[in-house]
Each structure stands twice: as structure tokens, then as C-alpha cells.
Amino acid sequence: MSKLIELKGISKSYDGEKVLEGINLYIRDKEFITLLGPSGCGKTTTLRIIGGFETADEGQLYFDGAEISDVPAYKRPINTVFQKYALFPHLNVYENIAFPLRLKKTPEAEIRERVTEMLKMVALSGFENKSVSTLSGGQQQRVAIARALISHPRVLLLDEPLGALDLKLRKDMQNELKSIQKAIGITFIYVTHDQEEALSMSDTIVVMADGEIQQIGTPTDIYNEPKNAFVADFIGESNIIDGVMLEDRKVRLEGHTFDCLDEGFGRGEPVDVVIRPEDVDVVKPEAGMLTGQVTAVTFKGVHYEIIVDIGGFKWMIQSTDYVAPEATIGLYIEPDAIHVMKKSKYSGKFGDYSSFSDELDQLSDADAAEEF
Amino acid sequence: MKKKSLMRSIAAAPHIFWAVLFIVLPLIIVGVYAFTDAEGNFSLANIAALTDYVPIFWLSLELSVIATAVCLVIGYPLAYIIAKSSPRAQKIFIMLLMLPMWTNLLIRTYSIMAILDDGGFLNTLLNTSFHIVGTKGAVIFGMVYDFLPYMVLPIYTCVSKIDKHMWEAASDLGCSPVKTMLKVIFPLSMSGIISGVTMVLVPSISTFYISQKLGGGTFELIGDTIERQFVTGALNVGAAISLVMMVLILISITVMNRFSEGDEGGIIV
């Protein structure tokens, strides 16, 4: 797959505040790429620069080898599904979808054929003459997708398109979007703050924070081999512990030396160690590599979520076996469950569950959703 | 529930009383006068006499339509520019637009006359001797000057309510800036345009003061005619002309409302 879009050294500030700092990224033809990050990380600005709604202060944007930094949005073969859909309220469903074709003076018969085909693809046949304001959020979403795809763009940009939908509908639309992308075979660039959405839909994920790209990789790479504490914490749950690399494949943390698979660090180099909650086995205290006291147990359906205090640092462990609060347990960790990362500016900021609460998590999620 | 509706009737009573006394009753009186003669007997003579005023009516329509068109051509871009400027600039613009409306219409019209008159301010200042007061142009100018804010404000309100993503969506789908205006923004501001047109056309067509002063007494509009009837005591004919004007305006507003059907808002009659 060849490079379709390339961003070189893109920077952008608003009122003197940097929102993007030296973004370098290329996007391959026909891939489903997701820009993932918390609100204010610059993902939407990056998308808007690609769409042509913003211009970068520095850097260049290339499309298919040609620079398009100064090409206006209406001349780019890139279409967008806006967060709030931005359907035209003065046109009905049919005319909204036909809009790009009418601009190009496409013959009436061809318009009818293509709109009908599009409506079928987004499962809205029979909705032709409805006013867009009478549609539900999910239906408006589909109209927006059909309108964006009808002129056969090379790239579709999607700005948090599922943000306004309820959970059930969101799951359905995730599958639908993915199958549409496969069926028509074009590049999708998707923006979201929902890591689960990113993991389940994308070929490539670009994790962003503070206007910079933190990591680019496949969903499994990003999950299994996070580059720094921010990525490890943002994607899934992680215990991130201070450690010291003794030599290749040997790391010391919490007073115990563990075998691991990581190499290439300096002897005695301080590192961040990621251990996923589901990779820790709960054993009897005498059989454990580490021992700790259980401070909280929450039943989550599939598993129990157990918070364990190990030398003052709170770990999260997911186990299908129940353990009683206040109990002392042992932890057993396989070498391949340990992932060692270099220290970064995010070290020490994430990965401790001492102040963890589900409620807080949800609150901050709601805040993030509000901002858009 | 019953108590609530009783409270509601009590609260509504003054308004209903007001509406009946000053809106419904006068309308009935106009209707009665239009269909009676000086002695109070039923008569269609007043309505029949209206044929004499057809040319005046056409002239009024001509001038007010031109004035409305000029207001629209000036007002739309102005309203658009205001709606698209910074919140601070918007406040200043709107203030400037409203400021002249704080001055009485009669005084404003008098001032224009003083400025444009043959021996007026402008002619003295420029040392010229153009003649404009007493022409149709002066009357149209007066109408535009007096009623422009009524065109700008509803369009401004309408344009500023359009979702900013509409511009981006249009551009995204292939509209050049000109096409964006024609295909998306203009249709979306239609309810504001119709409100503006109504609010300028209706007072323009029935004005008498502007035409008397700026027309310099050389011609008469339908508003002048109505005024003259009442001043000279021909109440029945005056009432008949008023009634027909009201019906015509009502019809045209209904037609315009139909035109903008489906658009939210519509216009307040």
C-alpha cells in the first residue's frame, strides 16, 4: 500500500497556544487509520488540516505526492462526516445526498441511480422524501455518510461521528462503518477519544497527546508494546511501576528481580514497567513473586477487579477468582506479561490505582464528551 | 388543573381586554364605515369608488417594491457581514443600525428633506443645485433610509443562527465560496429575507409622511390618499381604502409564508 497522504512538520497554534507541534505522519491508501487521544490533544485540528478547514502555521501536506497545503477544501478529493452531521436542513434526505452530484451537473438519471444505491448501502431505502430534521441521530449519521461517499472521494474523514449516539447504536455503527470501508475500499481517517472504538476498528492507530504524536502502530502493537506511560495508561488499564533494568531480560521492581523479554536498555537504567491487570495471576502468598494486601474488590461480570497494595503502590488485577478484601495474596507474573519502556515526560503521572474510582473515570469521560 | 386555568384566565384578562379595545374593535369600526354611507345606511358605493384610486395604488406599489428591493440588496450583505464579524463588532454594528431608530421617524424624514432640498444642506455645501426632493427617487431614498434596519435585523438574526458547519460542509462537498452562498446560505436565510421584505414592504406601501415631505406634494401615494379622506371627513371612503389595503397585505403575507413553508421561524405578522 502506497502513501496517500503525508504530513510533514505540521504545527499550529491558536492565540499563541500551540495545539500541534511538528506532526509527521503518513497515511496509506485504503487503510482505516484512527487519531486517538484525550480532548485537546490536537487530533481534531489534525483532521481539519487534512480536510482543508484549517491551515497549518508550519509544515506541508501532501496528497498522492503533490503538495495541497494551500488547496481549498472544495478542491480536495477528501470528504468529511462532521461530528454533528451538518446536514442541510433546507433539503430532504434525497437532495442532501444528491447535493455533491448536482454541483457537478450529473445527469438526473445517474443521480437517481447513485442516490438509490447509497441509500441502500446505509439501509435508508424509502427515506428519500423525509425531512432531515425528523430523522433520529443514527439515521442522520447514515445520511451524512452517504452524502460524503456519493462523489467517490479518495479519503473519508470522520470526526467523532459516533459521539452523539447511544452505546448500542454505537457498537452497531462501528461494525457498519468498518464494513462500508472494506466494501468501497477507500481510506478512512477517524478521530475519537474512545480507545475501545479505536482498537476494534482501526488498521493503524495514532495516539496523540499535548499536540504531539506519542505512538503509531497497529492496535495490537499499541496495546502490547506501548511506547511510554501515557500510551500505556490511555489504552486499556495498566499498572506502571518504576523499575531498574539490571541487564538484558532482567528487570528489578518492588524489590524483586523479574525475567522479561526486553532488551537493549543500559545496565542500571531506570525504566517504566507496564503490567496489564489481566496478565497477573493471583496465587498463595508463599508462592508469589510479590505479596500484597487486597484493598478493594469489585465484581465486573466477566472478572473481579482487585486493587492490591504492594509496598504502598496500588496495583489493579483482573481475576476470575474471588479474593476477600483485606486478604494477603501473592502475585505471579510471566516474563511475557512484562513490558519495559524508556522513561518519558509522562513517567510517574499514570498507572497508579491509589486514587482510582470508576465514578471518577466516568465523570472525566463525560467532561471530554462535553467539550466537542 | 381547574385552578390553574382560572389563574390563567385572570392573567390573560387585561391582554384580551386590550386587544379587543384597541385591535378588534377598531377593525370592526373600519369594516362598518367601509360598507356604510354618511347617513349610516348599508352601501357598496365606497368600495365601488375605489376604482378611482387604482393608479395611485400602482404607484405606491411600484415605489415600495423598488424601496424593498434596494433594502434587500443593501441589507443582505450588510446583515451577512455583521453576522460573520466578531461578537464585539456585532454589538457595535447593531448599535449603529439601531441608533437612528431612536430618533422619531418624522424628524428623520424632515432632516433628509433639509439635507436634500433644492436650497438644502448638501446643495449649499457642495455649491450645486441638484433637484431631488419632489421626485420618486427622493421618496424611495426616504423609504430605504427609514426602513433599512427592518430588513437588516431579521436577516442578521437568521444568518447568525446558521450552524457554522454549514459553510464547511458545503465547501467539503465541492462548493466554491460563491456556490456555498447560492446553494446553502441563501436558502437557509430565506425566512429572514421574507421577514425583512414584509417588514419593509408593509410600512413602505402605506406610508404617507415620507411621500408628503420628500415627494414635495407633486404626487400622492395610497397612504396620503387615506390620510386625506380622513382629514377631509370622507371617513367611509378612507375606511374602504384601508380595508382593501389590509386585505391585500394579508394576502401577500400569506403567500410569502407559504413560500417559506417548512422553514423554522417563518414570520411574525
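The values are calculated or read from the model by the stated rules, or taken from the named source; none is laboratory data. Computed from a predicted model, the values in this text were never measured in an experiment. Methodologically, a virtual Cβ is constructed for each residue, glycine included, from the backbone with ideal geometry; neighbour enumeration extends over all protein chains shown.
I need the full set of residues from the stretch A:61-77 which are away from chain B (no Cβ under 12 Å), outside any loop (DSSP other than H, G, I, E, B) and surrounded by 13 or more Cβ atoms within 10 Å (Cβ to Cβ), in order please.
Residues satisfying the conditions are A:61, A:62, A:63.
Which members of the stretch A:341-372 meet the condition of being modelled with pLDDT of 80 or more, touching a strand residue (DSSP E or B) at 6+ places or on another chain (Cβ under 7 Å) and among the hydroxyl-bearing types (Ser, Thr, Tyr)?
Once the filter is applied, which keeps residues that are modelled with pLDDT of 80 or more, touching a strand residue (DSSP E or B) at 6+ places or on another chain (Cβ under 7 Å) and among the hydroxyl-bearing types (Ser, Thr, Tyr), the stretch A:341-372 yields A:347, A:353.
Among the numbered conditions (1) more than 12 Å from the chain's Cα centre (by Cα); (2) part of a helix (DSSP H, G or I); (3) acidic (Asp, Glu), tell me where residue A:197 comes up short.
The failed condition is (1).
Listed here are the residues, each with its yes/no results for (1) in a helix (DSSP H, G or I); (2) under 28 Å from residue A:202 (Cβ atoms); (3) out of contact with any His (no Cβ under 7 Å at 6 or more places or on another chain).
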residue	(1), (2), (3)
A:79	no, yes, yes
A:85	no, yes, yes
A:98	yes, no, yes
A:115	yes, no, yes
A:147	yes, yes, yes
A:158	no, yes, yes
A:188	no, yes, yes
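In this structure, is residue B:178 surrounded by fewer than 18 Cβ atoms within 10 Å (Cβ to Cβ) and either over 30 Å from residue B:91 (Cα atoms) or within 14 Å of chain A (Cβ to nearest Cβ) (or both)?
It is true that residue B:178 is surrounded by fewer than 18 Cβ atoms within 10 Å (Cβ to Cβ) and either over 30 Å from residue B:91 (Cα atoms) or within 14 Å of chain A (Cβ to nearest Cβ) (or both).
Suppose we filter A:338, A:333 for residues that are modelled with pLDDT of 90 or more, surrounded by 14 or more Cβ atoms within 10 Å (Cβ to Cβ) and farther than 30 Å from residue A:213 by Cβ; which single one remains?
None of the other options fit; the residue is A:333.
Looking only at the stretch A:84-94, decide whether some residue is among the small types (Gly, Ala, Ser) and facing chain B (nearest Cβ under 8 Å).
Among the residues of the stretch A:84-94, at least one is among the small types (Gly, Ala, Ser) and facing chain B (nearest Cβ under 8 Å), which makes the answer yes.
May I ask you to say which residue of A:37, A:51 is buried (at least 19 other Cβ atoms within 10 Å of the Cβ), of a type outside the set (A, V, I, L, M, F, W, C) and within 14 Å of chain B (Cβ to nearest Cβ)?
A:51
Select, from A:218, A:187, the only residue that is under 22 Å from residue A:162 (Cα atoms), among the β-branched types (Val, Ile, Thr) and without any contact (Cβ under 8 Å) to a residue 40 or more places away in the chain.
A:218
So which of B:202, B:159, B:152, B:197 ends up being within 30 Å of residue A:82 (Cα to Cα) and either modelled with pLDDT of 95 or more or more than 9 Å from every other protein chain (Cβ to nearest Cβ) (or both)?
Of the residues listed, the single one that is within 30 Å of residue A:82 (Cα to Cα) and either modelled with pLDDT of 95 or more or more than 9 Å from every other protein chain (Cβ to nearest Cβ) (or both) is B:159.
For the stretch A:11-31, does any single residue satisfy the condition of being assigned by TED's automatic domain parsing to the domain that holds residue A:101, within 20 Å of residue B:172 (Cβ to Cβ), part of a loop (DSSP other than H, G, I, E, B) and out of contact with any Ser or Thr (no Cβ under 6 Å at 6 or more places or on another chain)? Spell out how you get there, then give the answer.
Step one: filter the stretch A:11-31 for residues assigned by TED's automatic domain parsing to the domain that holds residue A:101, giving A:11-31.
Imposing the further condition that a residue be within 20 Å of residue B:172 (Cβ to Cβ) reduces the set to A:12, A:27.
Subsequent filtering for residues that are part of a loop (DSSP other than H, G, I, E, B) retains none.
No - not one qualifying residue is present in the stretch A:11-31.
Looking at the stretch A:215-225, can you tell me whether even one residue there is over 20 Å from residue A:352 (Cβ atoms) and in a loop (DSSP other than H, G, I, E, B)?
The answer is yes; a qualifying residue exists.
Name the single residue, out of those in the stretch A:117-145 being assigned to a helix (DSSP H, G or I) and more than 28 Å from the chain's Cα centre (by Cα), that is nearest to residue A:2 (Cα to Cα).
Start the filter on the stretch A:117-145 by keeping residues that are assigned to a helix (DSSP H, G or I), which leaves A:117-121, A:132-134, A:137-145.
Keeping just the survivors that are more than 28 Å from the chain's Cα centre (by Cα) gives A:117, A:119-120, A:132-134.
Values: A:117: 29, A:119: 31, A:120: 31, A:132: 38, A:133: 41, A:134: 42 Å.
Checking each candidate, the answer is A:117.
Determine which single condition residue A:257 fails, assuming it passes every other condition in (1) in contact (Cβ under 8 Å) with a residue 12 or more places away in the chain; (2) surrounded by fewer than 22 Cβ atoms within 10 Å (Cβ to Cβ).
The single condition residue A:257 does not satisfy is (1).
Which residues, taken from the stretch B:112-159, are part of a helix (DSSP H, G or I), of a type outside the set (A, V, I, L, M, F, W, C) and touching a residue at least 24 places away in the same chain (Cβ under 8 Å)? Break it down into steps so the answer makes sense when it comes.
Taking the stretch B:112-159 as the starting set, the residues that turn out to be part of a helix (DSSP H, G or I) are B:112-116, B:121-126, B:136-159.
Applying the additional criterion that residues be of a type outside the set (A, V, I, L, M, F, W, C) yields B:123-124, B:136-137, B:142, B:145-146, B:149-150, B:154, B:156-157.
Within the stretch B:112-159, B:136, B:142, B:145, B:146, B:149, B:150, B:154, B:156, B:157 qualify.
Among the residues of the stretch A:285-298, are any free of Cβ contacts under 8 Å to residues at least 60 places away in the same chain, among the hydrophobic types (A, V, I, L, M, F, W, C), surrounded by fewer than 15 Cβ atoms within 10 Å (Cβ to Cβ) and touching a strand residue (DSSP E or B) at 6+ places or on another chain (Cβ under 6 Å)? Lay out the reasoning, then the answer.
Of the stretch A:285-298, the ones free of Cβ contacts under 8 Å to residues at least 60 places away in the same chain are A:285-297.
This time we only want the ones that are among the hydrophobic types (A, V, I, L, M, F, W, C), so: A:287, A:289-290, A:294, A:296-297.
Applying the additional criterion that residues be surrounded by fewer than 15 Cβ atoms within 10 Å (Cβ to Cβ) yields A:287.
This time we only want the ones that are touching a strand residue (DSSP E or B) at 6+ places or on another chain (Cβ under 6 Å), so: A:287.
There is at least one residue in the stretch A:285-298 that is free of Cβ contacts under 8 Å to residues at least 60 places away in the same chain, among the hydrophobic types (A, V, I, L, M, F, W, C), surrounded by fewer than 15 Cβ atoms within 10 Å (Cβ to Cβ) and touching a strand residue (DSSP E or B) at 6+ places or on another chain (Cβ under 6 Å).
Of the numbered conditions (1) more than 28 Å from the chain's Cα centre (by Cα); (2) at pLDDT 90 or above, residue A:288 satisfies every one except a single condition; which is it?
For residue A:288, the exception is condition (2).
Among the residues that make up the stretch B:167-178, is at least one of them farther than 28 Å from residue A:95 by Cα and either touching a Phe, Trp or Tyr at 6+ places or on another chain (Cβ under 7 Å) or part of a helix (DSSP H, G or I) (or both)?
Looking through the stretch B:167-178, none of the residues is farther than 28 Å from residue A:95 by Cα and either touching a Phe, Trp or Tyr at 6+ places or on another chain (Cβ under 7 Å) or part of a helix (DSSP H, G or I) (or both).
Looking at B:185, B:226, which one is assigned to a helix (DSSP H, G or I) and either within 11 Å of chain A (Cβ to nearest Cβ) or closer than 28 Å to residue B:93 by Cβ (or both)?
Within the list B:185, B:226, the selection yields B:185.
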